[in-house]
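The structure appears below as structure tokens.
The values are calculated or read from the model by the stated rules, or taken from the named source; none is laboratory data. Predicted model, so just to flag it, every value in this text is computed and none were measured. As a convention, Cβ positions derive from the backbone with ideal geometry for all residues, glycine included, and neighbour counts pool all protein chains shown. When the accessible area is computed, the model is the full protein with side chains, heavy atoms only, and any ligands, DNA or RNA have been set aside. Shrake-Rupley method; radii C 1.70, N 1.55, O 1.52, S 1.80 Å.
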Amino acid sequence: MNLDRVAYTNVGIFTDRVELPLADQGLVLVRGDNHLSQSADDNGSGKSLLFSGLSVGLYGVALPGPDGKMLRGEDVACRFTKGPALVELFGSDGDRIVRGARPSGVFLQLDGKAWTTAGWAGQWPKETEVVDEREINEKIVQAVGFGAVTFRNAVVFGQGVAERLATADQSQYLKMLDEIQGVDFREARKRAEAWRDEWRGTLGDLVNEAATLSNQRQLSEFQVRDLEAALAQFSHGKRERLALAEQVVKAAGEDVAAAEKALEAVRAKGKQAAALRTKWNRVVELNTKFVELGATYHEHVRTFDRSREEVERVIADTEALIHKARCPTCRREIAGKAEVARIKKLFAPDLQQARERLEQADAKVKESDRAVKEATTILERHLKALPGVDERVVAQAEAEGGERALLQAGGAVEAAQIREQAAKDALKAERSRTWEGQAALDAARKQSEEAVAGLTENAKQQERAQRTIAAADYWTEAFGDRGLRSLLFESVADYLNDRLAHHLEALTAGEADVTVSALTALKKGSVKEKMSVNAAWAWGAGSYGGGSAGQSGRVNIALLAAHQDLAEHRSAKPFPWRIWDEPECHIDARGKEILAEWIQREAARRSTTFLVTHDALLAELVQPDHVWTVVLDRGGARVEIA
Ligand SMILES: Nc1ncnc2c1ncn2[C@@H]1O[C@H](COP(=O)(O)OP(=O)(O)O)[C@@H](O)[C@H]1O
Ligand SMILES: [Mg+2]
């Protein structure tokens, strides 16, 4: 877009429409003629406003005033009138930009297409598209080739800008450079910072989590230790109780064996007692027989005695008869031997009988005696086999091996068996007895393991967060006032210093040698990324601040001019104008000569250069192609072109 003309209506003090040419004007000297206030040295007549109006038309923002404050487009609408305030920019090929207030709006016509904002719809050709103001502004920047900040800093040599540039701090300077070079890392930096802050938050959370996990681990480890001690105690106690229970089982088993043995003994005693009873009964039987045999014997002895007495009596009777001569039977007298013989003969059968009976008795006695003796032998033999045994002994033996003893011993066995079973049950119960704290121990161990695993994972995540933060820090730094921006600066420093040397040659006649660097050498030998202006003056002052105000003023001009050259060099399109708004501030008479010469030379390189000044000397020193006089009177401001 080639801008030919600008027109102002109700802009600031330009109330009546003022149209001014912009293209191919050569060097235009802009002067003021303030009819309202002569004492103001022609200031306030609206010279600066002419160019501020350009900025308003192009971008919707005015140039900063002497106070540095930037006005919006609406604020430059004339305070004394009410009609629409308009800045109209006309390009070749019918291109047009109209921006205004009362009501606010923008219109752009470019390459046969047209756009406007909602508030202005309707007053333009009907194919005009209604869009957002931002969209139109972007199209304008694209068409013009540079933005508002570049215009403000690089196209306009504004009042006080040279000082601001020379004394700008790192970030201000780089901000100006960003615009000059058409780069903007602010979004990228904001994203890098957001990225870093997010991960710092994450890291903070992780550190908190680690503290929690660490507590959890410690707590669960204490629990594990306590519970393990309790388990050891339980196991030890269990071993002891098992040993004891096993002993009890063994003792009970021994008791059972002993009781069974005792039962066996009772049974054996029973058998013995039965055998003894059999033997004893035999003895008793033999004894009875012996007693009977004894009685029979005594009877036989008495029978024998009686038989012997019978024999003796028969003999005695016979003798007595014989002796007394009387028949012992019939008591008749017997005489003679015959008689005696006869009597004897008479008694002989009796005697015989008696004698036979005696003999029989004797035989029986003898037989009985033999039987008694035999029974005695047998009895003695049996008795000898049972020494010390009597009925009491047998009864005692029978009692010891009897039913009652058997029952008792059997009962004892049963009782011992019950006790043994009870002991076995107790052992079994003890064996199967588990420790009640096991579940708690398992849980504590699991918790401890989880805490350890969590801490490991947390450490990994923390490491990752720290790596990410380091990366984000790197990029924050890289997109910051140091880093890429100063690197980019370094890449253009040679060009910049070249242009600086070029302007200094003209502006200080080679007295000053100034270089700009993004790196400052530190005392310890390292370098720091910091913008610095290194100046050396031929007459001795070793720093930028070392020169006089006039010298510094010219160095400032050279600095700004070099930067503007850089901006133009880097710009998508060459600047259509160069605007010097009162550059003579702080410049002495000799300096003004040099400055005028230099401006003349610079203007020769461009189609249109505006030099705004209220300085009579500087105005004298230049040979302008045109002179614009901004005349301010009661009717407002107007521009007289000569
Ligand atoms: N919105 C406005 N309405 C009316 N007058 C304005 C408005 N904005 C600025 N002005 C006046 O316009 C003049 C601007 O002058 P300026 O261009 O800075 O003067 P100089 O000629 O010294 O560069 C001042 O007198 C200021 O009061
Ligand atoms: Mg001014």
Check: part of a loop (DSSP other than H, G, I, E, B) and more than 16 Å from ligand 2 (Cβ to nearest atom) - does that describe any residue in segment 84-96?
Finding: yes
If we keep only residues of segment 72-83 that are modelled with pLDDT of 85 or more and either in a strand (DSSP E or B) or more than 9 Å from ligand 1 (Cβ to nearest atom) (or both), then the residue most open to solvent (accessible area, probe 1.4 Å) is 82
Of the residues in segment 150-162, those that are at pLDDT 70 or above and away from ligand 1 (no atom under 16 Å from the Cβ) come to 150, 151, 153, 154, 155
Checked segment 14-36 for anything open to solvent by less than 20 Å² (accessible area, probe 1.4 Å), away from ligand 2 (no atom under 15 Å from the Cβ) and under 24 Å from residue 85 (Cα atoms); matches are 18, 20, 22
Every listed condition ((1) within 18 Å of residue 148 (Cα to Cα); (2) outside any loop (DSSP other than H, G, I, E, B); (3) among the charged types (D, E, K, R); (4) open to solvent by 30 Å² or more (accessible area, probe 1.4 Å)) holds for residue 69 save (2)
Of the residues in segment 1-56, those that are of a type in the set (Asp, Glu) and either in contact with a Lys or Arg (Cβ under 6 Å, 6 or more places away or on another chain) or more than 12 Å from ligand 1 (Cβ to nearest atom) (or both) number 4
If we keep only residues of segment 460-505 that are under 24 Å from residue 184 (Cβ atoms) and of a type in the set (Val, Ile, Thr), then the residue modelled with the highest pLDDT is 476
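Just checking, does segment 114-121 include any residue being open to solvent by 20 Å² or more (accessible area, probe 1.4 Å), more than 16 Å from ligand 1 (Cβ to nearest atom) and touching a residue at least 40 places away in the same chain (Cβ under 8 Å)?
For segment 114-121, residues open to solvent by 20 Å² or more (accessible area, probe 1.4 Å), more than 16 Å from ligand 1 (Cβ to nearest atom) and touching a residue at least 40 places away in the same chain (Cβ under 8 Å): absent.
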Segment 600-642: strands (runs of 3 or more DSSP E) wholly inside it with 2 or more residues that are touching a residue at least 60 places away in the same chain (Cβ under 8 Å) and of a type in the set (Ser, Thr, Tyr) are 608-612
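Based on this model, can you work out whether residue 317 counts as open to solvent by less than 100 Å² (accessible area, probe 1.4 Å), part of a helix (DSSP H, G or I), under 30 Å from residue 401 (Cα atoms) and of a type in the set (Asp, Glu)? Give the steps one after another, and end with the answer.
Working: open to solvent by less than 100 Å² (accessible area, probe 1.4 Å): yes; part of a helix (DSSP H, G or I): yes; under 30 Å from residue 401 (Cα atoms): no; of a type in the set (Asp, Glu): yes.
The answer is no for residue 317.
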| Being under 30 Å from residue 306 (Cα atoms), buried (at least 17 other Cβ atoms within 10 Å of the Cβ) and either hydroxyl-bearing (Ser, Thr, Tyr) or at pLDDT 90 or above (or both), is that true of even one residue in segment 349-357? | no
The condition of being at pLDDT 90 or above, within 16 Å of ligand 2 (Cβ to nearest atom) and open to solvent by 20 Å² or more (accessible area, probe 1.4 Å) holds, among 629, 613, only for 629
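Could you tell me whether segment 216-233 includes any residue that is farther than 30 Å from residue 455 by Cβ, without any contact (Cβ under 8 Å) to a residue 12 or more places away in the chain and surrounded by 13 or more Cβ atoms within 10 Å (Cβ to Cβ)? Explain how you work it out, then say what you get.
Step one: filter segment 216-233 for residues farther than 30 Å from residue 455 by Cβ, giving 233.
Now restrict to residues that are without any contact (Cβ under 8 Å) to a residue 12 or more places away in the chain: 233.
Those left that are additionally surrounded by 13 or more Cβ atoms within 10 Å (Cβ to Cβ): none.
Checked segment 216-233: no residue is farther than 30 Å from residue 455 by Cβ, without any contact (Cβ under 8 Å) to a residue 12 or more places away in the chain and surrounded by 13 or more Cβ atoms within 10 Å (Cβ to Cβ).
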In segment 368-409, anything among the acidic types (Asp, Glu) and free of Cβ contacts under 8 Å to residues at least 12 places away in the same chain is listed as 374, 380, 390, 403
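Determine whether segment 189-209 contains at least one residue that is of a type in the set (A, V, I, L, M, F, W, C), farther than 30 Å from residue 573 by Cβ and touching a Gly at 6+ places or on another chain (Cβ under 8 Å).
So the first thing to find is which residues in segment 189-209 are of a type in the set (A, V, I, L, M, F, W, C), and the list is 192, 194-195, 199, 203, 206-207.
So of that shortlist, the ones also farther than 30 Å from residue 573 by Cβ come out as 192, 194-195, 199, 203, 206-207.
Narrowing further to those that are touching a Gly at 6+ places or on another chain (Cβ under 8 Å): none.
Scanning segment 189-209 turns up no residue that is of a type in the set (A, V, I, L, M, F, W, C), farther than 30 Å from residue 573 by Cβ and touching a Gly at 6+ places or on another chain (Cβ under 8 Å).
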Restricting attention to segment 124-141, the residues that are exposed (fewer than 13 other Cβ atoms within 10 Å of the Cβ) and in contact (Cβ under 8 Å) with a residue 12 or more places away in the chain number exactly 2
Evaluate segment 240-262: report whether one residue or more is over 30 Å from residue 429 (Cα atoms), of a type outside the set (D, E, K, R) and modelled with pLDDT under 95. yes
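Is there a residue being among the small types (Gly, Ala, Ser), part of a helix (DSSP H, G or I), open to solvent by less than 30 Å² (accessible area, probe 1.4 Å) and away from ligand 2 (no atom under 16 Å from the Cβ) anywhere in segment 51-64?
Start the filter on segment 51-64 by keeping residues that are among the small types (Gly, Ala, Ser), which leaves 52-53, 55, 57, 60, 62.
Now narrow it down to the ones that are part of a helix (DSSP H, G or I): 52-53, 55, 57.
So of that shortlist, the ones also open to solvent by less than 30 Å² (accessible area, probe 1.4 Å) come out as 52-53, 55, 57.
Now narrow it down to the ones that are away from ligand 2 (no atom under 16 Å from the Cβ): 57.
Yes.
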Residue 107: passes all of (1) within 13 Å of ligand 1 (Cβ to nearest atom); (2) surrounded by 17 or more Cβ atoms within 10 Å (Cβ to Cβ); (3) more than 30 Å from residue 600 (Cβ to Cβ) but (1)
Checked against (1) surrounded by 14 or more Cβ atoms within 10 Å (Cβ to Cβ); (2) over 60 Å from the mean Cα position of the chain (by Cα); (3) assigned to a strand (DSSP E or B), residue 48 satisfies every condition except (3)
Of the residues in segment 84-104, those that are farther than 22 Å from residue 4 by Cα and within 13 Å of ligand 1 (Cβ to nearest atom) come to 101, 102
*asked:* Among the residues in segment 3-13, are any on the phi > 0 side of the Ramachandran plot and open to solvent by 40 Å² or more (accessible area, probe 1.4 Å)?
replied: no
